4 protein chains.
Amino acid sequence: MRILFVGDIMGNAGQEILETYLPQLKQKYHPQATVVNGENATRGKGIDRYAYKRLLSAGADVITMGNHTWDNPAIEEFIGEAKKLIRPANFSAGQVPGRGYTLIQINQLKLAVVNLQGRVFMAPSDDPFAIAERLIKHLLKQTKLIVVDFHAETTSEKEAFSWYFDGKVSAVIGTHTHVQTNDARILPQGTAFLSDVGMTGPYDGILGMQRSEVIKRFVNQMPTRFEVDEQGRRGLGACLVDLDDVSGKAKQIRTIQINPDHPFMF
Amino acid sequence: MRILFVGDIMGNAGQEILETYLPQLKQKYHPQATVVNGENATRGKGIDRYAYKRLLSAGADVITMGNHTWDNPAIEEFIGEAKKLIRPANFSAGQVPGRGYTLIQINQLKLAVVNLQGRVFMAPSDDPFAIAERLIKHLLKQTKLIVVDFHAETTSEKEAFSWYFDGKVSAVIGTHTHVQTNDARILPQGTAFLSDVGMTGPYDGILGMQRSEVIKRFVNQMPTRFEVDEQGRRGLGACLVDLDDVSGKAKQIRTIQINPDHPFMF
Amino acid sequence: MRILFVGDIMGNAGQEILETYLPQLKQKYHPQATVVNGENATRGKGIDRYAYKRLLSAGADVITMGNHTWDNPAIEEFIGEAKKLIRPANFSAGQVPGRGYTLIQINQLKLAVVNLQGRVFMAPSDDPFAIAERLIKHLLKQTKLIVVDFHAETTSEKEAFSWYFDGKVSAVIGTHTHVQTNDARILPQGTAFLSDVGMTGPYDGILGMQRSEVIKRFVNQMPTRFEVDEQGRRGLGACLVDLDDVSGKAKQIRTIQINPDHPFMF
Amino acid sequence: MRILFVGDIMGNAGQEILETYLPQLKQKYHPQATVVNGENATRGKGIDRYAYKRLLSAGADVITMGNHTWDNPAIEEFIGEAKKLIRPANFSAGQVPGRGYTLIQINQLKLAVVNLQGRVFMAPSDDPFAIAERLIKHLLKQTKLIVVDFHAETTSEKEAFSWYFDGKVSAVIGTHTHVQTNDARILPQGTAFLSDVGMTGPYDGILGMQRSEVIKRFVNQMPTRFEVDEQGRRGLGACLVDLDDVSGKAKQIRTIQINPDHPFMF
Ligand SMILES: [Fe+2]
Ligand SMILES: [Fe+2]
Ligand SMILES: [Fe+2]
Ligand SMILES: [Fe+2]
Ligand SMILES: [Fe+2]
Ligand SMILES: [Fe+2]
Ligand SMILES: [Fe+2]
Ligand SMILES: [Fe+2]
């Protein structure tokens, strides 16, 4: 099974570049499933029903989230029924709406997608290692094809997580920093790993936000309003993972970026 | 001018892989100057005189540091006289030994190398934006060839810094996360930028440390002793930047990695 | 000289209890100067011109601020001309409006009030130790009567600051935690010290905010809107410092609290 | 039932002042149970068997811990059998030795003592609100007399915790900041609350550590070795809580401090 994983969609700019290139990426690479991180889909902060549906229309099969999950309160209106949207599974057990994983049927196969969030330099959440261990044990009864979106800040937590679950899941794909890393590899027991898949949206912003306001904040610490840099050039960050259908082990992982410095080539 | 920048050397493993490949990298790419981050050179924490000299013998022209600068107290014995070692320039002004930049002569040209540290999710330090602004103004009187090692945790601070100084310095190369990023580019005003150049040392550790202890810490939060993973396979993270000698603008930047998944090819 | 220092005024509740008791406190204790922290005066976040004037009308001589200084953008309209309002002196040097200290004339004497902010578990700012050292040296040319509002989170930074400047300033009064501490004392070289003077406003909120929303955040980490608990019972946190007019040394410091459990007694 | 709660014992200085005054405090106040926080008992970091026994000999009935629980590895040798020692109950469930609460028999009555740790500005741990809710429900089957040592950094988390469990536990006593707060009160549903009971040990150190080294760290951020200030004057921080034996509600809470500025008076 081949899976395409697309990093954090930032606002309308992110939606548009996804709409432009996802069909072409599918034509070129023929993934059986497409996972898209949508935590920044609505104006950079959270996701509303419109953005959710738009991502699905663009071709996403599963939408994952992260620390911005609740930023847009509109999510509470539809997360209960949104079968293709998951939020970190280690959000306060039983206290919040939504689900932390989903299973999708692809021909004869089942693919599990799990969303988890790190704890270092992030808001408190339940232990991702403990929650993942329990959840993966449960999922392994249904499928060996398990992909994790590990939404975390530090490289240490991301590496520790991936090595800890090496051989137990098919892939650990990091999100959150909005910068693609250059460390895609297959760990010894067969788990594909990438610290961060990067962002999909503005190419000349700071993490996708308008530069001037972010820089102002760094220069004088005065509050500013961060807005998605909707007008400029765009980029897309993604990766492609090939799994062995029987063993669930990863056979290959490679990064994809499309932007003015790396134009899409069919 | 072509500059080779090699990411954080981790312990003996890092020294050894540097000694193996730096000569070959020089033969292949012919850089005029080699900058190496040495904050983890001695057992992963700081640098002593022996490790400093060893890096120079291996072929480094300038050694930069970071948050681990003072971890090994032996540095205080030689930093005063170590002309090729710099530590973040925004360490408490006038209160600590060492210097935050250096100028090296390369044929007819002068290259300035500056070391700065970020503040987000890091120990307090002086404002890197303000310090850099003053320092760069001063350096520009002597040369237009200025390379900054910006040692920082978050992608936002790294991007903000590079955009703020776009056109004023030749290159901003990030260090500290120990994971190479895939965002090398030339910003519109001519500054080469890479969020993180990655680490040089163990390939199967966690940020270069032995996995088992780091994982234990994540799993149960009990203290453990982190040691460099000295026995296993190794990797090297670097980048190459080409500068226009007259304007100081960057003409090209590309990442280099050498490891079992990316063997060196001449 | 006797100085009354009143802790962070929270919203209208804080203004009202100040208006009720400040006249009575003055009648009872006869302070020559009243310093009031106003960083939460306008709906708990920042201060606008109306709240500033209201605090002065209530009897404040100097208003100090803290990490909430810029929360209400209205401050930028009047801080330039507000002679009795100071913000932390270690906010990005030269980059932000307002001043970090003020001198007020009291009969034949001059009192300097300085505002500084800590760095541990707070947004980055310039080094409060270095900035204070320079500023105090400058102020000592004009007066020995110097009171510092040190706005900081941790007890360690507050204690370190006060011991470092023991004998150089008359008093270091902590603010920010909104909880009065029980450690008022005179340090050996004559500086009065109190880790935190506490808050002035709601008595049954959480740091003055409505409990239900704050608790919700702790229970499930979902975002909520924090609002000042304006309807309930109120409390006032303050302290009284007596200084020797000639030496500037503190002779006495004692805490004051007025609330349902500690009614005001004349 | 009357309970004496003594704040963090710092090193030998803390042990000695406890040995001096605990007998006198017992003679004066006649508490039925004495709870002592021992996380800093052995040289300021953790606790070994000797310090544990010494605290019991001095008159402690229950020893609580905090973020320093594992600092001294010697604890792992005896925590399994140490019936009177508890560590935060929200340490990684099932992964670490020791227990998070204990029940002690006092004549006809049972007293439960629970230890929990906050998460704001502290290392990750399991959700203290969720863990406490489950644990308290369980304990209420056996007794209504429940005292919680809530070891946390911020006043907001401490206040939120105490209000959330108001009426469900007899008392929430905060520890960790090493500075006694002045907010002892009985909440409306009958829970006694004190944000922080303070420290027991050096009176002229910084949080009990030698000043010079701590100050150095703040001034230039270079690493130093913190040691308990064993030679100087000492202080003791404690509180006294009176509970209704039948309802478990608190009837009274008052702080105690013994130090050069507040000498013990019988
Ligand atoms: Fe995120
Ligand atoms: Fe994101
Ligand atoms: Fe490093
Ligand atoms: Fe570093
Ligand atoms: Fe405040
Ligand atoms: Fe504050
Ligand atoms: Fe402690
Ligand atoms: Fe503690």
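The values are calculated or read from the model by the stated rules, or taken from the named source; none is laboratory data. This is a predicted model, so every value here is computed, not measured. Reconstructed Cβ throughout: ideal geometry from the backbone, glycine too, with neighbour counts over all protein chains shown. What goes into the accessible areas is simple: the full protein's heavy atoms, side chains included, and nothing from ligands, DNA or RNA. Shrake-Rupley method; radii C 1.70, N 1.55, O 1.52, S 1.80 Å.
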Roughly what would the spin-label model give for D:E19 and A:K216, points 7 Å off Cα along C-beta, in nm? 6.3
With the label point 7 Å along the Cα-to-beta-carbon line of A:D261 and a cut-off under 12 Å to each amide N, the hits in the stretch A:171-203 are A:180, A:203
For the stretch C:109-186, what's the radius of gyration and Dmax over Cα atoms, in angstrom? 12.3, 37
Counting only protein heavy atoms and using a 1.4 Å probe, what share of the accessible area of the stretch B:2-258 belongs to carbon plus sulfur, as a whole percent? 48
Among B:L243, B:L207, B:L135, whose mean-square fluctuation peaks in a Gaussian network model of chain B (Cα, cutoff 10 Å)? B:L135
Leaving ligands and nucleic acids out of the surface, order B:D48, D:D245 by accessible area at 1.4 Å, largest first. D:D245, B:D48
Buried area at the B-A interface (accessible, heavy atoms, 1.4 Å probe, summed, Å²): 3300
How big is chain A along each principal axis, measuring the range of its Cα positions in Å and listing the largest first? 51, 45, 35
Of C:K216/D:K144; D:K45/D:K110; D:K45/D:K216; A:K45/B:K168; A:K53/A:K168; A:K216/B:K158, which sit over 22 Å apart, Cα to Cα? C:K216/D:K144; D:K45/D:K110; A:K45/B:K168; A:K53/A:K168
Let me know the Kirkwood hydrodynamic radius for the stretch A:70-126, please, with Cα pairs as the basis and the value in Å to one decimal. 12.6
Pairs of alpha-carbon atoms within less than 8 angstrom and 6+ residues apart define the contacts here; what relative contact order does chain D have, in percent? 20
Leaving ligands, DNA and RNA out of it, rank D:D149, C:D71, D:D183 by accessible area with a 1.4 Å probe, largest first. C:D71, D:D183, D:D149
Å² per residue, accessible surface of chain D at 1.4 Å: 36
Tell me the accessible surface of D:R234 in square angstrom (1.4 angstrom probe, heavy atoms of protein chains only), to the nearest ten. 60
Once the other residues with Cβ under 14 Å from the Cβ of D:T64 are scored (Lys, Arg +1; Asp, Glu -1), what is the net sum? -1
Per-residue Cβ counts within 10 Å, from other chains only, averaged over C:25-38: what number is that? 0
Shielding of B:193-206 by other chains, given as the mean Cβ count within 10 Å, works out to 3
For the stretch D:91-104, Karplus couplings with θ = phi - 60° (6.51, -1.76, 1.60), whole Hz, Gly/Pro x: 7, 1, 3, x, 9, 10, x, x, 10, x, 7, 8, 10, 10
Just for the stretch C:2-258, what percent of DSSP beta bridges are antiparallel, to the closest 5? 50
Rounded FRET efficiency, nearest 0.05, which uses the C-beta distance separating C:A74 from B:R49 and R0 of 51 Å: 0.35
In square nanometres, what is the average projected area of the Cα convex hull of the stretch B:1-76? 4.5
Column: log10 I(q)/I(0), Debye, Cα scatterers of the protein assembly as shown, q = 0.10 Å⁻¹: -1.35
Amide H neighbours of A:G235 under 5 Å, at least 5 residues apart or on other chains, H built in the peptide plane: list them. A:G201, A:Y203
Take each of the peptides A:35-46, C:103-114, average the number of other beta-carbon atoms within 10 Å over its residues, and list them starting from the highest. A:35-46, C:103-114
Quick one: P(r) of the stretch A:71-207 from all Cα-Cα pairs, 10 Å bins, percents rounded to integers, in order of increasing distance. 12, 40, 37, 11, 0
Cβ-based net charge around C:D127, under 12 Å, with every Lys or Arg adding one and every Asp or Glu removing one: -2
How shielded is C:117-128 by partner chains, expressed as the average number of their Cβ atoms within 10 Å of its Cβ atoms? 5
Cα-only radius of gyration and Dmax that characterise the stretch A:173-266, units Å: 16.9, 55
Give or take rounding to whole Å, what are the principal axis extents of the alpha carbon atoms in the stretch B:1-151, in descending order? 39, 37, 29
